[in-house]
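Here is the structure we will look at, set down as structure tokens.
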Amino acid sequence: MRADNGLAVACEQLIAELQREGVRDPRVLDAIRHVPREWFVPPELREHAYRNAALPIGAGQTISQPLVVGLMTQALGLCGDERVLEIGTGSGYQAAVLCRLARAIVSIERFPELAERARRILDELDCRNVEVHVGDGSLGWPPRAPYDAIIVTAAAPEVPPALLAQLADGGRLVIPVGPRPTQELLLVTRIGPTTHTRELGAVRFVPLVGAGGWPPGIEEVPLPEEGTGSV
Ligand code: SAM
């Protein structure tokens, strides 16, 4: 239960909105309900924590929109026993949601200062099954592969081959693919040596920067629609 009644009410309103917009998995809704999003946003944005919006977290990055977190998490179809790889730790919020739904979470962030802050908050929330590493997540994290589920919270030019190689048989990969500002959210399922891809809809994410993503500097290239809310 949240000590702040205003935030508790806002959280329930958000949950109702997510349900209306297509997040139906009760386990996912329950995880979102129990993770205090206000811990993951800058103090000055605390009162906006339960708006269904992406918010800035520093280093030019964002905490994703709750609806996108809900839909991507739901698409992973987690039962509780999975090993999950997240690319793009950011604030750590998505990892905190995942840690309630799967056995072990490995999360990779390219900015050390974001990884450090996320690690601290996740520790304070007692998320013991999450490990956060600094690195280029477009190459995955081979030491813990294969993964039953992979979630990429930054937009890639194509599905990085290293991530496909680290996906277990029957595993699911959710990833936004395409240029800025708008990408297609893909659900890729591995079935033996082949993969099956389904399109889940349009999204707006910050770029995945790395060897299997976009080149460094992509974020500085101006967009005509800059500022319209990447997640
Ligand atoms: N999942 C995050 C959360 O819950 O707050 C939101 C992630 S934010 C939209 C995207 C993140 O991906 C940023 O923190 C960015 O630094 C990170 N990122 C981009 N390219 C990356 C890469 N190659 N490896 C690891 N992290 C990367």
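Could you state how much accessible area TRP39 has, in square angstrom rounded to the nearest 10, with a 1.4 Å probe and all protein chains kept in place?
TRP39 exposes around 110 Å² with every protein chain in place.
Taking the Cβ of TYR93 as the centre, find all other residues whose Cβ is under 11 Å away and add up their charges (Lys, Arg: +1; Asp, Glu: -1).
Working: positive: ARG37; negative: GLU38, GLU86.
Taking every Cβ under 11 Å from that of TYR93, the sum is -1.
Sorting ASP136, ASP123 by accessible area (1.4 Å probe), largest first, what list results?
On the way: ASP136 50, ASP123 110 Å².
Descending order: ASP123, ASP136.
Using a 1.4 Å probe and counting only protein heavy atoms, arrange VAL9, VAL174 so the residue with the most accessible area comes first.
On the way: VAL9 70, VAL174 0 Å².
Putting VAL9, VAL174 in descending order of accessible area: VAL9, VAL174.
Carbon and sulfur together cover what percent of the accessible area of the chain at a 1.4 Å probe radius? Let's see the in-between values first.
Working: 5520 of 10400 Å².
The C+S portion of the solvent-accessible surface of the chain is 53 percent.
So what are the ³J(HN,Hα) numbers for the range 53-63, from phi and the Karplus equation (6.51, -1.76, 1.60; θ = phi - 60°), rounded to whole Hz, Gly and Pro as x?
8, 6, 9, x, 10, x, 6, x, 10, 9, 8
Report, in deg cm²/dmol and to the nearest 500, the calculated mean residue ellipticity at 222 nm for the chain, where each DSSP H run with n ≥ 4 adds -39500 (n - 2.57) and the sum is divided by the residue count. Write out the running numbers ahead of the final one.
Values: 6 runs with 60 residues, N = 231.
Result for the chain: -7500 deg cm²/dmol, rounded to the nearest 500.
Report the Cα centroid-to-centroid distance between the range 167-193 and the range 1-21 in angstrom, as an integer.
Comparing the Cα centres of the range 167-193 and the range 1-21, I get a distance of 30 Å.
Can you tell me the Rg and Dmax of the chain, counting just the alpha carbons, in angstroms?
Gyration radius and largest Cα-Cα distance of the chain: 16.3, 51 Å.
Over the chain, what is the percentage of antiparallel beta bridges among all DSSP beta bridges, to the nearest 5? Intermediate values should be presented prior to the final figure.
Values: 18 of 39 bridges.
So the antiparallel bridges amount to about 45 percent of the total.
I'd like the trypsin sites (Lys or Arg not before Pro) in the range 108-207 restricted to DSSP loop residues with at most 14 other Cβ atoms within 10 Å, sorted by number. Mind showing how you got there, number by number?
Values: sites: ARG110, ARG117, ARG119, ARG120, ARG128, ARG144, ARG172, ARG190, ARG198, ARG204; in loops: ARG110, ARG128, ARG204.
The qualifying sites are ARG128.
On the full set of protein chains, 1.4 Å probe, figure out the accessible area of PHE205 and give it in Å² to the nearest 10.
Using a 1.4 Å probe on the heavy atoms, I get roughly 0 Å².
Per residue, how many Å² of accessible area does the range 67-193 show with a 1.4 Å probe?
Numbers: 4650 Å² over 127 residues.
Result: 37 Å² per residue.
Determine the dipole magnitude for the chain: charges of +1 sit on the beta-carbon of Lys and Arg, -1 on that of Asp and Glu, nothing else is charged, the reference point is the Cα centre, and the result goes in debye to the nearest 20.
On the way: 22 positive and 29 negative charges, 94 e Å.
Approximately 440 debye in magnitude.
The values are calculated or read from the model by the stated rules, or taken from the named source; none is laboratory data. Since this is a predicted model, take the numbers as computed values, not measurements. Here Cβ is always computed from backbone atoms with ideal geometry, including for glycine, and neighbour counts include all displayed protein chains. What goes into the accessible areas is simple: the full protein's heavy atoms, side chains included, and nothing from ligands, DNA or RNA. Shrake-Rupley method; radii C 1.70, N 1.55, O 1.52, S 1.80 Å.
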